[in-house]
Structure formats: C-alpha cells, structure tokens
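Worksheet for the structure shown next.
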Amino acid sequence: MVPDSIHQLINEKGIEFFLCSFVEISGAPKAKLVPATHVEDMAKDGAGFAGFAAGDINQMPHDPDIMSVPDFSSTTVLPWRKNVAWVAGNMHVLGEAWDSCPRTILRRQLEKVREQGYHFNVGIEPEFMLLKNNGNGYVPYDSLDNMGKPCYDLRTLHRNLDMMIKLIKFMQEMGWEPYANDHEDANCQFEINWTYSDALTTADRHTFFRWMVKTVAEEAGLMATFMPKPFANLTGNGAHYHMSLWDANNETNLFMDESAPNGLSETGRWFMGGVLKHAKALAAITNPIVNSYKRLVVASPRSGATWAPVYITYGASNRTQMIRIPGPGRFEVRSTDGAANSYLSFTAMLAAGMDGIANQIDPGKRNDENLYEIPYATLKKRKIEHLPQNLNEALDHLERDPVIMNALGEPFARYYIDVKRDEWLRYHRSVSQWELENYLGVF
C-alpha cells in the first residue's frame, strides 16, 4: 500500500517517476524507472529484475525474478531532476524476503538488536577523487592540484567550489544536514560530511550519495571514484564510520559517559572490544575488494601515500589507530574504505559490537603512540596485531568467525566468500604490468 505521504508528494511536488532501486553485494545500485501512474503496482508487487543479470545476488539464469519492494520511508526526490524520486527496495523472490539482499540483512540485524533494547546510529565520512581521461587513462583532473601535501588547501578547494556547493545544497535540500567539506590528503580528493542517523538511513544515504557524486561529476565531464587505492603514490579513499548505540527509543546515548576516560561508557568499551576482536574478519566486509589491501599497508604514512591504519588498536584523537575516539559518546573506525557495501558493513560491525557487549570484551589499554614510527618487529614483539594484508587472507578470517557469519546469514556468507574467492583468483592469475617490467627481460 502506498502511504498517503507518497500520494501527497506526487500531487504537490509533481513526481512523475520513481527509481525503484536495490543493491547487490558490491553496493552498486540497480534500478527500474516506474511511472508514478503505476506506483500502486510497484508498492504491491515491487519492480521485477532478472537477478542473474543484475550482479552478484545469488541467482542463476533459471531462477525466478527478483522483486524490489520499495521502502517508501527512504524516498528521496532528485534535487537535480525534481520530477523523479529514488526509493530503496528490499529484494523478494516468490513473495518471500530474499536472504541475499544486503538491505534485508541489515534490517534483520537491526530488528534483532532493537528487541534487546538498542538502537544503532552511524555517521560516515566518504572520500572520493575527481578524475579525467587524458587519453592514456584516468588521472587527477586538476593539473594545478599538484602539491605534496594538499590536504585542506584553500586554493584547490576554491577551484572546486561550484561542484562542492552544488553537492552540499543538494544534501541540504534532502534534509541530510551536511556540516563540512574539505580537500583531502590526495590530489583531487574530497570529502563531504553529513549528520549521523540510524544505520539503515545512513546506509541508504551513502548509497544515494555515491551515485549522486558520480552523476554530478559526469555532468562536469569528470569521473568520481570511491575506489580504495586508485593510484599507488596517492592517499586512498576511506569511508570512516562513527558509531554509537542508543536505547530503543533513540533518546539516550548508551556510549556516553563524560566522567569516564575518553567519555566512553563501559557499554561503549565492550562494543569497541568486540569490533577489535573481530577486526580481521570484519575486513573481508569493510575492505571487500583486491584493491582495498593496496590501501591497508603495514608501513609509515606520508601525505601522498596512506592514512589508513592497519594496527588493531584504539586511541583517543590518534589517527594511527584502527579506532579513534574523537569525542565523548562515540568512536570512529578508520580502516573502512570506499568500496564497502554499507548495509553489509553496518551489519557486521553491529554484530561484532554486540558480541563485545554480550561477553564484556575488554578492549585493553588505550594506545597513545604514533604506531607508524614503531618498527614492525617491535609491534610484533608487543603482540600488536594488524589487519589482513590481502583479500584472500581476510576471507580466511571471515570463514572462521561464527559471529560475523551468523549475522550475515550462513548461506549468504558462504555465497559472499565464494564470489570474493573467485575475485581473488582472477586477480592472482592475471599478469600485471609490474610483473612484465620486472621479470620479462630477466628470465
């Protein structure tokens, strides 16, 4: 049934079309354009898709259609095309919820946690680069943006004000409350931050945001990418998660304790302990592609290289740690990257944190050091562990972690691992330019 608010939107705002959308495991949005004259049909049955053709959603060519049933609470009018509205959908097959639908997986985890009296809020900091094709491939588009340390540079930000202001105004129009935008550490790299929400809303918005940024960039003749590590010599694209757990009515922040060290309550510490305990398995979801591990390197950082922490530790406002506590009542996971599917990542993070609460997992002592300056042998001697260094290793950890596997749903988790193992093998069996340059004339 179509809510009255949607009929009102159609009548008062002149909405003529809906983009009935869903995501497959990569997080890439898929959609059908449905005329508003058929919104009742869309609400009742959903929009139909040949699942195998739509990407990795655990279907074969002989399987029944996937139906994307819209969740009208996610309806978003396109600020650049005001007669069209986007709406996130949940996949169904033969009238039943599809267990391989990332959005459904997150909804189930949130419902489970809500029954225990909790509400999960998340904010996200997505980084992206603007590129152009110079005839030989894609490169940072602005030739004047060539500083060794361009982060926060006013001149380069000013040259991009038109695009950034356009994006910020779009976000204001949609009610997201954006509060900051800056030039990041790589050339032609930017970040826009908006106010946190419940995990499902933030995942919907992040999905829409990536599509919106790409659309606005294309209109300017550019390509926007959230790829974790597009260039070996430049900082990669992260997507830091700021998390807090509230009571079921979303009125009291259960992580908040201003009298405690770092302003983090015992519940918050346990949740953080769970995230740290499951960090290696989480990487398979939050750093989900081969390229993710070109960003997560065990090495010293420098501007133009990496700011991605790989050591499984936490600190206060310390950016060399996997987890940073920037202020009371929340913490930030900094290892996550721009390729992550937010629905799956939030599911896995929440499951890890709830395991921490259930088992009162102590995250240990806060680390205040610059871990990038400590020799690896010393870190190893001190038993400071690091995240996996390739996708295949991360998948091994995921496969051995029943908490994360169960949260995703065992059948879907097995399918996810199979898809990603295949991705790893295809990469591993390819012959790179580096190999040709280093081996061809030697052997």
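Quick note: the coordinates plus some simple rules give every number you see, no bench work behind them. Remember, predicted model here, so these are calculated numbers, not experimental data. Cβ atoms come from the backbone with ideal geometry, glycine included; neighbour counts cover every protein chain shown.
What is the gain in length, in nm to one decimal, between Lys13 and Asp162 on full extension, counting 0.36 nm per residue of separation less the C-alpha to C-alpha distance?
Taking 0.36 nm per residue and subtracting the Cα distance, the gain is 51.0 nm.
What is the extension gain from Glu173 to Asn249, computed as 0.36 nm multiplied by their sequence separation minus the C-alpha to C-alpha distance, in nm to one decimal?
My answer for the length gained is 24.7 nm.
Starting with the highest mean, order 422-428, 75-81 by the number of other Cβ atoms within 10 Å, averaged over the residues of each peptide.
Per-residue mean Cβ counts within 10 Å order the peptides as 75-81, 422-428.
For segment 120-185 and segment 197-265, compute the distance between their C-alpha centroids and round to whole Å.
Taking the Cα centre of each part, segment 120-185 and segment 197-265 sit 15 Å apart.
By how many nm would the segment from Val442 to Ser317 lengthen if fully extended, with 0.36 nm per residue of separation less the alpha-carbon distance?
40.2 nm
Arrange His119, His38 by Cβ neighbour counts within 10 Å, fewest through most, would you?
Final ranking by Cβ density, sparse to dense: His38, His119.
For segment 76-84, take each phi angle, set θ = phi - 60°, evaluate the Karplus expression 6.51 cos²θ - 1.76 cosθ + 1.60, and give the result in whole Hz per residue in order, putting x for glycine and proline.
Each residue of segment 76-84 in turn: 9, 6, 5, x, 9, 8, 6, 9, 10 Hz.
Could you order peptides 283-293, 364-374, 261-271 by the average number of other Cβ atoms within 10 Å of their residues, highest first?
Those peptides, ordered most packed to least, come out 283-293, 261-271, 364-374.
When a footprinting reagent is the concern and you count Cβ atoms within 10 Å, what order do Val122, Val298 take, fewest first?
Val298, Val122
For the pair Asn133 and Thr37, how long in nm is the line joining their label points, each one 7 Å along Cα→Cβ?
3.7 nm
Step through the residues of segment 331-342 one at a time and calculate ³J(HN,Hα) from phi using the Karplus curve (6.51 cos²θ - 1.76 cosθ + 1.60, θ = phi - 60°), rounding each to whole Hz and writing x for Gly and Pro.
Rounded to whole hertz, the list is 9, 10, 9, 9, 7, 5, 10, x, 8, 5, 7, 4.
Amide H of Trp307: which non-local residues (sequence gap of 5 or more, or other chain) have their own amide H closer than 5 Å, using H built in the peptide plane?
It is Gly236, by chain and number.
Lys/Arg Cβ at +1, Asp/Glu Cβ at -1, dipole of segment 15-127 taken about the Cα centre: which of Phe72, Pro61, Leu33 is farthest positive-ward?
Phe72
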